[in-house]
1. Output the residues belonging to segment B:140-161 that are more than 9 Å from chain A (Cβ to nearest Cβ) and surrounded by fewer than 22 Cβ atoms within 10 Å (Cβ to Cβ).
2. Find the residue count for segment A:231-251, including only residues that are surrounded by fewer than 24 Cβ atoms within 10 Å (Cβ to Cβ), part of a helix (DSSP H, G or I) and at the interface with chain B (Cβ under 10 Å from one of its Cβ atoms).
3. Which is within 19 Å of the chain's Cα centre (by Cα), at the interface with chain B (Cβ under 10 Å from one of its Cβ atoms) and without any contact (Cβ under 8 Å) to a residue 12 or more places away in the chain, of A:222, A:274, A:268?
4. Determine which member of the set B:234, B:262, B:275 is within 17 Å of residue B:96 (Cα to Cα) and assigned to a helix (DSSP H, G or I).
5. For segment A:197-204, indicate whether the set of residues that are within 14 Å of chain B (Cβ to nearest Cβ) and touching a helix residue (DSSP H, G or I) at 6+ places or on another chain (Cβ under 6 Å) is non-empty.
6. When you go through (1) in a loop (DSSP other than H, G, I, E, B); (2) within 14 Å of chain A (Cβ to nearest Cβ); (3) in contact (Cβ under 8 Å) with a residue 60 or more places away in the chain one by one for residue B:201, which number turns out not to apply?
């Protein structure tokens, strides 16, 4: 009985949320854009006209400059004579993979620690919150750079570094909400009925935090995509030959005035993807919590 | 007030202690052996042992940390690998251009964020509001190197309104400051909007309107004064946030500050400089937080001290 009632409530929440989300054209547009990028990334091997690592002899002018967009190379070629369009498609794989995995780890760790700190309190809770205070003292990009400089750069390290930097904010949000929830009577009732800490965390607190987790998970992907592009622009992200948008801009920076498309095209890709996740996250926030509507 | 001040100060010092432990651990984690780097590949074990001793690497980790922390307190950030000079003075000599850039960026973000937020709040729910908020989302969704390179291309290369990077005059300052301040301007416009909407619900605003004041006078005279308080309280935090941005922005515009120093250190993996800049940035953030906490009750007496 209890389970079916709970599920019914969730279903109501879902359909209501979807209806409100649906009415927000910007959020829906963001969702469509994300779908297109995911498709481009997954289907990159089929969609890409060329191998992203292949350097074409006819991919550079006689003077050795990259080619502007043309019929054969739709987005032109880069400074090594590689097809920019194919590299862009494969770059979407890198951005989305890091965005989803790194942020997924950060959200999982942050939620777990925030829950524990907010409900269990005691020395463990205090330690977790002082750790978040400490983490907030470091600018995220600089801490990521310092870590990436010490560890050997690569895909796994970039994911680890970003997760290590990004769990803090969500942990603090979940902590604040858990502290509020923990004082409610139904939690006291559950405890009185003999529910253990684990059961209370999992069955009684976590379901109420799902909306916040979803919102911050979505907004966090935007932050992660930006942080990854910065790291890779600084040469400390994923390493060649794996294409990454930030690195594509870094590599063509010295040719920038002659070949501006090599900056603008990957730059637009980063902007559009991060913007899409921000719009969807904002739309979800409004849809999941109608009392906050329009407050920014 | 004094008790509050003491409490905040103690908390800040504790955080700085934590920062020093973290950076110490990071330094210890470095896989490259500093002894081998200094002594060279062909050094004898004797020489290496001597250098180990000189660097204090033969002591236990807590002892090493103590030496490390003592030197940090004295402002000694170690020696750069590549530049063969002390990191502390190196960073200090690069700070003035960076602080100037940050000051200009704070002006830029306020000049963008405050009017945009007031405008959006006054057109709440209408097209103008939606356009302003979408633009603010775009500004926070664009990596700063893309903003910087785009501004450079359009306003310096195509239009020649500004120099193509460099340092020295007011016109050199505009584009980098705009680049650094744009994202913050986006956040401020959202904060300003929600703060203004909140303030405009108050009774004294209704009274002002009922007196027959024009809407603009109501918003600017009665609304702005209160709505801007939360934003003023946030400015202290910007300096810390900017420490990330200057690495990218100073590189794009050839601005000779801490960010450029950091950029070069990243390219040559000059760990002491990377750590030094990270520590300085952490100090800025802690200081910024402290200032924000201290001025918040001064500018808004409704905020109670905890």
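The values are calculated or read from the model by the stated rules, or taken from the named source; none is laboratory data. These figures come from a predicted structure and were not determined experimentally. Counting neighbours? That spans all protein chains shown, and the Cβs are built from the backbone with ideal geometry, glycine included.
1. Within segment B:140-161, B:151, B:154, B:155, B:156, B:158, B:159, B:160, B:161 meet the criteria.
2. Selection size over segment A:231-251: 1.
3. A:268
4. Answer to the check: B:262.
5. Scanning segment A:197-204, I find no residue that is within 14 Å of chain B (Cβ to nearest Cβ) and touching a helix residue (DSSP H, G or I) at 6+ places or on another chain (Cβ under 6 Å), so the answer is no.
6. Failed condition: (3).
Residues checked against (1) closer than 15 Å to residue B:235 by Cα; (2) touching a helix residue (DSSP H, G or I) at 6+ places or on another chain (Cβ under 9 Å):
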site	(1), (2)
B:106	yes, yes
B:109	yes, yes
B:114	yes, yes
B:121	no, yes
B:125	no, no
B:129	no, yes
B:133	no, yes
B:138	no, yes
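The rows are residues; the columns are (1) within 13 Å of another protein chain (Cβ to nearest Cβ); (2) buried (at least 17 other Cβ atoms within 10 Å of the Cβ); (3) over 15 Å from residue A:210 (Cα atoms).
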{"position": "A:105", "(1), (2), (3)": "no, yes, yes"}
{"position": "A:110", "(1), (2), (3)": "no, yes, no"}
{"position": "A:114", "(1), (2), (3)": "no, yes, no"}
{"position": "A:122", "(1), (2), (3)": "no, no, yes"}
{"position": "A:136", "(1), (2), (3)": "yes, yes, yes"}
{"position": "A:145", "(1), (2), (3)": "yes, yes, yes"}
{"position": "A:149", "(1), (2), (3)": "yes, yes, yes"}
{"position": "A:154", "(1), (2), (3)": "no, no, yes"}
{"position": "A:166", "(1), (2), (3)": "no, yes, yes"}
